[in-house]
1. Could you tell me what percent of the accessible area of segment 171-298 is made up of carbon and sulfur, with a 1.4 Å probe and every protein chain present?
2. Of the listed peptides 209-217, 184-192, what is their order by residue-averaged count of other C-beta atoms within 10 Å, with the highest listed first?
3. Reachable lysines from Lys233, Cα under 25 Å, same-chain residues fewer than 8 places away excluded?
4. Can you tell me which of 61-71, 31-41 comes out highest on packing, and rank the rest after it, using the mean Cβ neighbours within 10 Å?
5. Glu258 to Arg194: FRET efficiency via 1/(1 + (r/R0)^6), r the Cβ-Cβ distance, R0 22 Å, to the nearest 0.05?
6. Under a plain spin-label model, where a point goes 7 Å from the Cα along Cα-to-Cβ, how far apart in nm are Lys155 and Asp227?
7. What list of ³J(HN,Hα) values in whole Hz, one per residue of segment 93-108 in order, does the Karplus curve 6.51 cos²θ - 1.76 cosθ + 1.60 (θ = phi - 60°) give from phi, with Gly and Pro shown as x?
8. According to the square roots a ≥ b ≥ c of the eigenvalues of the Cα gyration tensor, what is the shape class of segment 155-204, taking rounded for a/c under 1.5, prolate for a/b larger than b/c otherwise, and oblate for the remainder?
Amino acid sequence: MKFVRSIILPLLVGAATAAEIKVSSLHPLLGDLTRNVGGERVEVIDLLGKDSDPHSFEPDPAQLKKAADSDFFIASGMGLESYLDSLRTILPKSTPIVVLGDDLPSIEGSCSTCDGHDHGDHDHSHHDHGVDPHWWHSIDTFRRAVNLTADALIKADPDGEKTYRANALAYRGKLDELERWTRREIARIPKERRILATAHAAFGYFCKDYGFEAIPVSGLNREQMPDPRTLSKLIEKLRADKVAAIFPEDISNPKTLEALTEDTGITLAPPLIADGTTADSYEAMIRHNVTTIVEALK
């Protein structure tokens with residue numbers, strides 16, 4: 001990571017904010033989470049902007065200037081932010097990085113043509129089977145993150161404990177209702193049609209929670225594209241499974257998926273929000289994705 005101490009360290013000294021504490025978020029969904037739990041006591045600085053790719057993002061000096069005097073940084077974890085070790089070296093020792101994924105259940109990433117095991121002749125060059133960092137697609141896991149966020153805020157601002165606990169309880173209630181709505185909507189899709197073909201392997205948690213088979217075209221990030229042999233196997237699988245639709249993503253290039261739909265005759269569905277950077281809120285992302293999936297597969 002290209003940080004220069006002599007440039008960055010002076011940027012981390014700034015004036016106090018009107019709120020009780022200041023938190024810098026390394027993902028927009030975490031910013032939304034922190035605002036819901038923190039309320040007016042917390043100023044949240046979003047360092048990862050809309051339309052950005054969290055897999056390749058690294059905060060630059062201008063962004064870190066916005067984060068000056070943060071009480072802590074909040075990160076997704078599970079390997080998503082590869083720069084965290086470098087970031088720790090330039091932050092004051094009194095400024096922790098709260099990595100939510102360290103205390104959340106994870107799943108292993110998967111590819112489109114195998115079950116995660118070594119099959120001898122299967123080419124794994126286009127992907128890996130590391131930890132899937134897209135945990136926010138599980139409402140249950142995101143609900144667990146609410147308590148972790150409240151704990152971090154209370155540690156930084158003990159006087160606000162009552163407020164943070166009350167806000168966390170209210171927000172978990174909203175997520176409970178969101179999950180009930182999601183399950184009602186998913187029930188409209190026949191079980192044999194619950195196959196989710198997507199641009200990259202971002203929806204493993206969603207598929208696990210709601211009984212879908214995941215068929216990602218690329219790996220855990222958008223750069224892990226399939227080679228021709230793997231792509232040919234993918235087309236065979238899509239045809240054999242009678243997949244109803246393939247879902248592009250909001251900020252990815254749809255050319256590969258357009259080629260797949262031409263070769264298979266499968267419908268190219270409207271795009272899903274995979275990495276969460278274009279969503280106005282966590283709830284808005286879930287409602288958009290579920291509605292899009294249900295309309296295409298029901």
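1. 49 percent
2. Peptide ranking by packing, descending: 209-217, 184-192.
3. Result set, ordered by chain and number: Lys191, Lys208, Lys242, Lys255.
4. Averaged packing, sorted descending, gives the order 31-41, 61-71.
5. The pair Glu258/Arg194 has a calculated efficiency of 0.40.
6. That separation, rounded to one decimal, is 4.4 nm.
7. Using θ = phi - 60°, the values come out as 4, 7, 10, x, 10, 8, 9, 4, x, 5, 10, 10, x, 10, 10, 7 Hz.
8. oblate
The values are calculated or read from the model by the stated rules, or taken from the named source; none is laboratory data. Just so we're clear, the structure is a prediction, and the values are computed from it rather than from any experiment. Don't worry about glycine lacking a Cβ; one is built from the backbone with ideal geometry, like all the others, and counts go over all protein chains shown. Quick note on the areas: whole protein, heavy atoms, side chains included, nothing else; ligands and nucleic acids left out. Shrake-Rupley method; radii C 1.70, N 1.55, O 1.52, S 1.80 Å.
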